[in-house]
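Peer 1: Questions regarding the structure given below will be posed in turn.
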Amino acid sequence: MTLLETASRLRPPELGPDEVRLRAIRQGGNSVEAFRAEIREWLADHWGEERAIRHRRLAERDRGWDPEFSRELGAKGWIGLGWPKAYGGQERSPADQMVFVEELAYAEAPLQVHQMAEMVVGPALIAHGTPEQRAEYLPCILRGEFSCALGYSESEAGSDLASLRTRAERVGEKWIIEGEKMWATNADKASHIWLAARTDRSAEPPHAGISVFLLPLDTPGIQIRPSMSMYGKTFSTTTYQDVAVPETAMVGPVNGGWRVITSALAAERMLIGRLVGVLQRVFDKILDHFRAAESGPQHLGHQADTLAKIGGLAADIEAARQFVFRNALLLQSGRIPVHEAAMTKMFAGELQERLGEGGLDLLGSAGLLSEEPGAPVAELEHLLRHSIMGVIGGGTSEIQRNIIATRGLGLPR
Ligand SMILES: Cc1cc2nc3c(=O)[nH]c(=O)nc-3n(C[C@H](O)[C@H](O)[C@H](O)COP(=O)(O)OP(=O)(O)OC[C@H]3O[C@@H](n4cnc5c(N)ncnc54)[C@H](O)[C@@H]3O)c2cc1C
C-alpha cells in the first residue's frame, strides 16, 4: 500500500466544537462574496478613480478625512454594519464586516471621520450607555456625522494604560477633569474625545479606579496641541485644566471604565482587516510594476532573488488575511478572540514593515519616490513611514507577544 493510500484510509482527526462551528460558518461564504461584489459596485459609483485621485492630491495630513464620503456611507446604511438592528445597525456577520473593511481599505476610501465613533464609541454606548446617551449619539454616528478621538495614552501610561493619571473629581453635579493625554490621532479635527480618566486614586488594582467620559473637544479648559508624525499626519497632546462636564458625560458606572474600554476592543479588532486591505493594494502595485517591466531588461538582473522575495511577501499577506478571517469566524461563533487577535495584530503590523522594506529592496531607490511623476509605487514610501502605527499604535508588538504567551499559552506573567 502506498503512503497516499494509507493516509486516505486514516480517519480524519476529531474536530473540536470551534472547528465544527467554523466549518458551518464557512459554508455561508457565498453570501460574503456576494456582499463583496455589492461593495465593489457601490465603490465604483461613489469612489471612482477621479474622486480618489482628487483625494490623493490633498496634503498628507488631510487624507483619509472626508465628511462628505462618510455621510454617503451613512446614507447607504454602511456605518454600524455589525451593530444590532435595534440600534439602527445591520447585524451583519463579522465576516461581512471584515470584507467591508478590507474592500474599503483596498480602494483607499477615507473613513477617518466616523471610524473611531463607529468602531469604539457606538458599540461601547450600546453596551454601557444610558438611553439618553444612545439617543443623543448613535443616530449621528450612523449618519457619518460624528467624529471622535481616543484619549487613552499619557506620557507615563501607554502599554500600562491602567497607570493613567488624568483625573476626574466630582464637584456638585459636575466632574472636573485635570491632566494631559498624548498621541490622540485626529484630535485636531474631531468634535469629541473618548477619554479615560482616574476617578479613584487609591483603587487596587489601579484599573478599578478608571472611568470613561465622552465630551466635546471645544469644552472650555481643553487645549489641543497637534504634532506632526513621521507619516505626515497629526496627533495631539490634549491638556485638561479645570474642565467641567456634566454627570451625563460619563459612560458606564463610576470606576467601571475598564470594562467599557475592553468591551469596545472586539469591534476595534475589525480595524486590523483594514491594514490587510492596504497591504494587498501596495503589494498589487509592486506586482503591476514588475509585470509592466517584464519586457524591459532593467529589472531582470536579479530575477531569482526578485521572484523569491515577491513569493514570500505574497504568502505573508495571505497568512495575514487568514489570521483576520479566523478572528471573524471566531467572533461569529460566539468567541472573543484574545490571543488570536494579538497574533493577528502582531503579524499584520510587522508585515507592514516587512512589505515596506521588502518593496524598497525590490524597487531600489526608485521605491522612495512618492509624489513624483514616474514613481513606480507611489504608496510604498508612505506605507513604510506609517508602519509605526502597525507595531506601536493600539498596543505594541511586544505587548501582543506577551498576550499570546500568557493568555494564549497559559504561561505565568
Ligand atoms: C501612530 C500612533 C497613533 C496613536 N494613536 C493614539 C490615539 O489615538 N489615542 C491614544 O490614546 N493613543 C494613541 N497612540 C499611543 C499608543 O497607544 C501607545 O504609543 C502605545 O500603547 C505604547 O505606549 P507608549 O508609547 O507609552 O510606550 P511604552 O508603553 O512606554 O513602551 C515602550 C517600549 O517598552 C515596551 N514595553 C512596555 N511594556 C512592556 C512589557 N510589559 N513587556 C515587554 N515590553 C514592554 C513596549 O513594547 C515599547 O517597545 C498612538 C501611537 C501611535 C504610534
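Peer 1: Hey, what did region 179-234 get for relative contact order, percent, Cα under 8 Å, at least 6 apart?
Peer 2: Answer for region 179-234 is 36 percent.
Peer 1: Assign unit charges at the C-beta atoms only (+1 for Lys and Arg, -1 for Asp and Glu), then state the dipole size of the chain relative to its Cα centre in Debye, rounded to the nearest 20.
Peer 2: Details: 45 positive and 54 negative charges, 174 e Å.
Magnitude of the dipole: close to 840 debye.
Peer 1: When the accessible area of the chain is computed with all protein chains present and a 1.4 Å probe, what percentage of it is carbon and sulfur?
Peer 2: That share works out to 55 percent.
Peer 1: Tell me, in nm to one decimal, what length is gained between residue 163 and residue 43 on full extension, where the rule is 0.36 nm per residue of separation less the Cα-Cα distance?
Peer 2: 38.9 nm
Peer 1: Taking the Cα centre of region 177-230 as origin, work out the dipole magnitude from +1 charges on Lys and Arg Cβ and -1 charges on Asp and Glu Cβ, in debye rounded to 20.
Peer 2: Using only the charged Cβ atoms, the result is roughly 120 debye.
Peer 1: Viscosity 1.306 mPa s, temperature 10 °C: give me the Stokes-Einstein translational D for the chain in µm²/s, with Rh taken as the Kirkwood radius over C-alpha pairs.
Peer 2: Taking Rh from Cα pairs, D becomes 69 µm²/s.
Peer 1: Could I ask something else about it? Name the residue from 59, 133, 356 whose Cα lies farthest towards the positive end of the charge dipole of the chain, charges +1 on Cβ of Lys and Arg and -1 on Cβ of Asp and Glu.
Peer 2: 133
Peer 1: Moving on. Note the angle between two axes, namely the Cα long axis of helix 17-26 and the longest principal axis of the Cα atoms of the chain, as a number of degrees from 0 to 90, rounded to the nearest 10.
Peer 2: The two axes meet at around 70 degrees.
Peer 1: Could you tell me the extents of region 122-184's C-alpha atoms along the three principal axes, largest first, rounded to whole Å?
Peer 2: Between the extreme Cα coordinates on each principal axis of region 122-184 lie 36, 31, 19 Å.
Peer 1: Could you state the angle between the C-alpha long axis of helix 29-46 and the longest principal axis of the C-alpha atoms of the chain, as a value from 0 to 90 degrees rounded to the nearest 10?
Peer 2: It is inclined by approximately 80 degrees.
Peer 1: Show me the ranking of peptides 121-128, 309-316 by mean Cβ neighbours inside 10 Å, starting with the highest.
Peer 2: Answer by packing, highest mean first, reads 121-128, 309-316.
Peer 1: For residue 345, which lysines qualify as cross-link partners when the Cα separation must be under 22 Å and same-chain residues fewer than eight apart are set aside?
Peer 2: Reachable lysines: 233.
Peer 1: Keeping all protein chains in place, calculate the accessible area per residue for the chain (probe 1.4 angstrom), answer in Å².
Peer 2: Dividing the accessible area of the chain by its residue count gives 49 Å².
Peer 1: Distance between Cα centroids, region 25-95 to region 200-244: provide it in whole Å.
Peer 2: 30 Å
Peer 1: Would you mind checking which residues have amide H under 5 Å from residue 199's amide H? H placed 1.01 Å from N; only 5 or more apart, or other chain.
Peer 2: Amide H to amide H, under 5 Å and 5 or more residues apart or across chains, residue 199 pairs with 168, 210, 211.
Peer 1: With contacts defined as alpha carbon pairs under 8 Å and 6 or more residues apart, what's the relative contact order of the chain in percent?
Peer 2: For the chain, the relative contact order is 14 percent.
Peer 1: Another question about this same structure. Work out the FRET efficiency for residue 370 and residue 30 from their Cβ-Cβ distance, taking R0 = 51 Å, and round it to the nearest 0.05.
Peer 2: It comes out at approximately 0.85.
The values are calculated or read from the model by the stated rules, or taken from the named source; none is laboratory data. Note that this is a predicted model, so its numbers are computed, not measured. Glycine also receives a Cβ, built like all others from the backbone with ideal geometry; neighbour counts cover every protein chain displayed. Calculation scope for accessible area: heavy atoms of the full protein, side chains included, ligands and nucleic acids excluded. Shrake-Rupley method; radii C 1.70, N 1.55, O 1.52, S 1.80 Å.
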